[in-house]
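Enquirer: Below is a structure I'd like to ask you about.
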Amino acid sequence: MTGVCFPLPAARYPGHMITTVDRPRPEQGTLRQRRLRRATARGYLMCPPEHFTVSYAINPWMRPEEPASAGVALRQWARLRQTYLDLGHDVRVIEPVAGLPDMVFAANGATVVGGTVLGARFRYPQRAAEAAAYLAWFRAGGYADVRVPEHVNEGEGDVLFTGRALLAGHGFRTAAAVAGELAAVFGVPVISVRLVDPRFYHLDTALCVLDADTAMYYPDAFDDASRAAIARQFTELIEATDSDAEVLGLNAVSDGRHVVLPAQAAGLAAQLAARGFEPVPVDMSELLKGGGGPKCCTLELRPARSA
Ligand code: ARG
């Protein structure tokens, strides 16, 4: 399914509050202890896993010899989509292509900031054809500024927007050289970070931006310089434990208040709740067999800023 998705309704984007924050009650502590978290309505692109299977291995999570069910994946995916709708977000759907079993991982399809789209260019040939399918969706959807990439980049899997800057992960998939391209295309500062643990092969498996000042991450997934760079970007950082990182708990989607994350990451959910976020657990266990979680299945469509 394609469809005109721009301009998004001006009244709702960007920055429209969809949740009013709780007033502090005595048992919740004071305002100083509990920061107010504000949700804003988002636009997401998702791809149903109709052709999902694990037939090759391009990350350590994938085991082609173990069965993976497209039916189970579809049910989990449908719940994720419904979760976003229930939170007040707008969800667009791209038609899946037979023979591209990883196309469900829409985060890898592009990077979209301020209505500008930078297409993806995949590291491995098994996923290469997804790039054109996603580019075609954006072109058909009325996006005026759609760029074909120069360097290998796996979209929002490795390129995360903080609200002010882009964090670009490299080491396994996206080329380090993409930093200059991102700065030129989007006109925002770009901070390169290096991933060093193959289990966390995309940046969105190791770090999640919760809001412009806050992130959660797994320090061991990065080299020292990158940890320092991350510490400079955010005033508040939540560190994931080994066990939460190992279920891809950081592969989460935040609207500023609600954080949709893998249900198995119970410790992370508790840490988020303690900081005033609302964890929204989802079961993505079948997609995890492909090396993905909720964030991998979700590409954020950030519209042009209205004046
Ligand atoms: N099997 C896919 C791959 O290895 C999983 C992609 C997960 N996507 C993500 N944004 N981390 O490419």
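Taken together, the values in this text are just the output of simple stated rules run on the coordinates, not laboratory data. As the structure is a computational prediction, the values presented were derived from the model and not from experiment. Quick reminder, even Gly has a Cβ in these numbers, built from the backbone with ideal geometry, and neighbours come from all protein chains shown.
Enquirer: Could you tell me whether Leu287 is buried (at least 16 other Cβ atoms within 10 Å of the Cβ) and within 15 Å of the ligand (Cβ to nearest atom)?
Expert: Yes, satisfied.
Enquirer: Filtering the range 128-143 down to residues that are touching a Ser or Thr at 6+ places or on another chain (Cβ under 9 Å) and not hydroxyl-bearing (Ser, Thr, Tyr), which residue is nearest to Leu207 (Cα to Cα)?
Expert: Taking the candidates together, the pick is Trp137.
Enquirer: Given the criteria free of Cβ contacts under 8 Å to residues at least 12 places away in the same chain and either assigned to a strand (DSSP E or B) or away from the ligand (no atom under 16 Å from the Cβ) (or both), does Ala215 qualify?
Expert: Judged against the criteria, Ala215 is not a match.
Enquirer: Would you check which residues across the range 150-176 are within 11 Å of the ligand (Cβ to nearest atom), more than 17 Å from Ala245 (Cα to Cα) and under 12 Å from the mean Cα position of the chain (by Cα) and list them?
Expert: Glu154, Gly155, Glu156, Val159, Leu160
Enquirer: Here's another thing I want to ask about it. Of these, Leu261, Leu248, Leu268, Leu287, which one is assigned to a loop (DSSP other than H, G, I, E, B), of a type outside the set (S, T, N, Q) and touching a Gly at 6+ places or on another chain (Cβ under 8 Å)?
Expert: Leu248
Enquirer: In the range 290-307, which residues are among the charged types (D, E, K, R), assigned to a loop (DSSP other than H, G, I, E, B) and more than 9 Å from the ligand (Cβ to nearest atom)?
Expert: Arg302, Arg305
Enquirer: Which of the residues that make up the range 122-160 are without any contact (Cβ under 8 Å) to a residue 24 or more places away in the chain and crowded, with 18+ Cβ neighbours inside 10 Å?
Expert: Ala131 - this is the single residue of the range 122-160 that is without any contact (Cβ under 8 Å) to a residue 24 or more places away in the chain and crowded, with 18+ Cβ neighbours inside 10 Å.
Enquirer: Under 8 Å by Cβ, and 6 or more places apart or on different chains, what pairs join a residue from the range 231-246 that is free of Cβ contacts under 8 Å to residues at least 24 places away in the same chain with one that is part of a strand (DSSP E or B)?
Expert: Cβ pairs passing all conditions: Ala231/Leu237; Thr235/Thr214; Leu237/Thr214; Leu237/Ala215; Leu237/Met216; Leu237/Tyr217; Glu239/Met216; Glu239/Tyr217.
Enquirer: Anything in the range 99-139 that is touching a strand residue (DSSP E or B) at 6+ places or on another chain (Cβ under 7 Å), farther than 18 Å from Ala168 by Cα and within 14 Å of the ligand (Cβ to nearest atom)? List them, or say none.
Expert: If the condition is that a residue be touching a strand residue (DSSP E or B) at 6+ places or on another chain (Cβ under 7 Å), farther than 18 Å from Ala168 by Cα and within 14 Å of the ligand (Cβ to nearest atom), then Ala131, Tyr134 are the ones that fit.
Enquirer: For the range 161-176, does any single residue satisfy the condition of being part of a loop (DSSP other than H, G, I, E, B), of a type in the set (Gly, Ala, Ser), touching a residue at least 60 places away in the same chain (Cβ under 8 Å) and farther than 25 Å from Phe52 by Cβ?
Expert: First, the residues of the range 161-176 that are part of a loop (DSSP other than H, G, I, E, B): 162-165, 171-176.
Remaining after also requiring of a type in the set (Gly, Ala, Ser): 163, 165, 171, 175-176.
After this cut, where a residue has to be touching a residue at least 60 places away in the same chain (Cβ under 8 Å) as well, the list is 165.
Still in the running and farther than 25 Å from Phe52 by Cβ: 165.
Yes: one or more hits.
Enquirer: Follow-up. Report whether or not Leu85 is away from the ligand (no atom under 13 Å from the Cβ), more than 23 Å from Leu203 (Cβ to Cβ), without any contact (Cβ under 8 Å) to a residue 60 or more places away in the chain and touching a strand residue (DSSP E or B) at 6+ places or on another chain (Cβ under 8 Å).
Expert: Against the criterion (away from the ligand (no atom under 13 Å from the Cβ), more than 23 Å from Leu203 (Cβ to Cβ), without any contact (Cβ under 8 Å) to a residue 60 or more places away in the chain and touching a strand residue (DSSP E or B) at 6+ places or on another chain (Cβ under 8 Å)), Leu85 qualifies.
Enquirer: Next up: For the range 90-121, what are the residues that are in contact with an Asp or Glu (Cβ under 6 Å, 6 or more places away or on another chain) and surrounded by fewer than 23 Cβ atoms within 10 Å (Cβ to Cβ)?
Expert: Across the range 90-121, the qualifying residues are Pro96, Leu100, Thr116.
Enquirer: For the range 177-211, name all the residues that are within 14 Å of the ligand (Cβ to nearest atom) and in a strand (DSSP E or B).
Expert: Within the range 177-211, Leu195, Leu207, Cys208, Val209 qualify.
Enquirer: Being more than 16 Å from the ligand (Cβ to nearest atom), within 17 Å of the chain's Cα centre (by Cα) and not in a loop (DSSP other than H, G, I, E, B) is the requirement here; does Arg92 meet it?
Expert: The answer is yes for Arg92.
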